[in-house]
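See structure below.
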Amino acid sequence: MGININYRGGRRWAMSLLMQVISWLLVLVGTTASTAPPRTRTVLFGYKAVIGQLPAGTRQVDIWIPVPHSNPFQQISELTIVSPYPYQVDSAQYGNRMMHLHLQNSPGKEFPGKEFSVDMQFKATRKEHLQPQRQTRSTIEKRPVDPYMNRWLQPDRLVPIDGEIKRWAKAVVDSVGAKTDLQRARAIYNHVIATVKYDKTGTGWGRGDIYYACDARRGNCTDFHAIFIGYCRALGIPARFAIGFSLPTDRPAGQVSGYHCWAEFYSKDLGWVPIDASEAAKNPTRRAYFFGAHDENRIEFSLGRDLVLYPKQEQPLNYFIYPLVVVDGQSLTAVPPVITYRDLVD
């Protein structure tokens with residue numbers, strides 16, 4: 001039942017006996033299907049992007065800001081945008097939406113030497129995503145076809161699918177005798193939450209670099225899900241990445257301190273199955289829940305990684321949640337937006 005995996009740089013990860021037993025038992029227990037109807041939450045959401053003072057002599061600025069999209073589990077409405085400059089809202093890969101501002105100075109004229117902001121506000125109704133553990137044949141036949149399914153089997157720049165990743169993924173599923181895709185995904189999920197610590201100290205975390213996460217065994221949500229998605233894809237299981245913001249549950253209004261990301265994997269019997277490995281790691285009592293569920297306390301902004309925006313930028317974007325500001329061809333350091341929310345009663 002033990003796992004003995006060699007990691008890059010000669011490091012050998014030896015899981016403790018207790019963690020092995022916990023992981024094995026979680027595979028057997030599975031997810032408890034809920035008979036209660038999905039919960040919903042409606043909020044007025046604000047996203048304020050502050051663009052700092054531009055360098056002297058700036059001639060051209062391009063700014064991309066993510067705009068949330070509706071999907072079966074969230075409805076976006078009443079979108080308003082206040083900007084001191086003209087903008088355009090467009091669609092790009094995977095159904096993502098974005099706002100684009102292109103600022104071009106005329107000869108002899110420079111931009112104002114002060115910061116400015118772009119304010120976005122919208123109403124969002126988020127529904128809890130509960131994946132049924134059984135589906136009828138008619139439900140399966142009516143399931144919409146994902147046009148990007150092949151993409152969700154391919155590597156990302158920081159999540160390669162090479163020989164080492166395949167060996168590590170296979171070792172994890174073989175250690176618990178997982179045979180089906182659902183069993184393999186569950187084994188990977190249990191392995192990640194049992195062996196990776198939610199820890200944002202030091203450097204290297206937050207990029208979703210699978211080799212960093214496998215070596216350091218710590219990080220934030222992007223690092224947790226880099227391992228989950230990479231291992232799934234290495235075993236031929238489609239898996240995709242989503243990013244947005246968590247809504248606090250302890251107060252009806254306020255600010256959100258940072259982004260959150262999560263994942264889904266595809267089962268031919270169940271469709272897209274939601275998981276949230278980092279939330280499960282932080283909340284051990286909800287480990288079973290977060291294999292097969294996304295709660296209603298989140299707003300999705302974009303899907304996928306290595307994103308090409310519209311109009312196309314020079315380099316693919318690792319993930320899209322903060323504004324991308326390019327000044328005369330050079331990307332500026334992303335400044336986190338000011339995020340606010342207020343619960344609404346329908």
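Could you tell me whether residue 326 is in contact (Cβ under 8 Å) with a residue 12 or more places away in the chain, within 19 Å of residue 117 (Cβ to Cβ), touching an Asp or Glu at 6+ places or on another chain (Cβ under 7 Å) and surrounded by fewer than 18 Cβ atoms within 10 Å (Cβ to Cβ)? The answer is yes for residue 326. Among the residues of the stretch 46-63, those identified as in a strand (DSSP E or B) and exposed (fewer than 15 other Cβ atoms within 10 Å of the Cβ) are 48, 50, 60.
Do you know which residues across the stretch 185-224 are farther than 22 Å from residue 284 by Cβ and of a type outside the set (A, V, I, L, M, F, W, C)? If the condition is that a residue be farther than 22 Å from residue 284 by Cβ and of a type outside the set (A, V, I, L, M, F, W, C), then 202, 203, 204, 206, 207, 208, 209, 211, 212, 215 are the ones that fit. Going residue by residue through the stretch 71-85, is there one that turns out to be more than 30 Å from residue 257 (Cβ to Cβ) and either modelled with pLDDT of 65 or more or assigned by TED's automatic domain parsing to the domain that holds residue 277 (or both)? No, that holds for no residue. Is one or more of the residues making up the stretch 11-24 at pLDDT below 95, over 29 Å from residue 318 (Cα atoms) and in a strand (DSSP E or B)? Yes, because at least one residue in the stretch 11-24 is at pLDDT below 95, over 29 Å from residue 318 (Cα atoms) and in a strand (DSSP E or B).
Residue check: is residue 145 at pLDDT below 95 and either in contact with a helix residue (DSSP H, G or I) (Cβ under 7 Å, 6 or more places away or on another chain) or more than 24 Å from residue 231 (Cβ to Cβ) (or both)? So residue 145 fits the description; yes. The number of residues in the stretch 224-256 being of a type in the set (Gly, Ala, Ser) and within 17 Å of the chain's Cα centre (by Cα) comes to 6. Listed by first and then second residue, the pairs with beta-carbon distance under 6 Å, at least 6 apart or on different chains, first residue in the stretch 194-209 and under 21 Å from residue 173 (Cα atoms), second aromatic (Phe, Trp, Tyr) and at pLDDT 95 or above, are 196/224.
Checking each residue in the stretch 293-346 for being in a loop (DSSP other than H, G, I, E, B) and small (Gly, Ala, Ser) picks out 304, 329, 334. Restricting the stretch 101-123 to residues that are among the polar types (S, T, N, Q) and under 17 Å from residue 63 (Cβ atoms), which is modelled with the lowest pLDDT? By that ranking, first place goes to 105. Kindly establish whether residue 295 is at pLDDT below 95, among the acidic types (Asp, Glu) and either over 12 Å from the mean Cα position of the chain (by Cα) or surrounded by fewer than 24 Cβ atoms within 10 Å (Cβ to Cβ) (or both). Judged against the criteria, residue 295 is not a match. If I filter the stretch 264-287 for residues that are assigned by TED's automatic domain parsing to the domain that holds residue 182, buried (at least 24 other Cβ atoms within 10 Å of the Cβ) and part of a loop (DSSP other than H, G, I, E, B), do I get at least one hit? Scanning the stretch 264-287 turns up at least one residue that is assigned by TED's automatic domain parsing to the domain that holds residue 182, buried (at least 24 other Cβ atoms within 10 Å of the Cβ) and part of a loop (DSSP other than H, G, I, E, B).
Checked against the criterion of being basic (Lys, Arg), at positive phi and surrounded by fewer than 21 Cβ atoms within 10 Å (Cβ to Cβ), the candidates 167, 217 yield just one match: 217.
The values are calculated or read from the model by the stated rules, or taken from the named source; none is laboratory data. Owing to the predicted nature of the structure, the values given are computational and were not obtained by experimental measurement. Note that we place each Cβ from the backbone using ideal geometry, even for glycine, and neighbour counts take in every protein chain shown.
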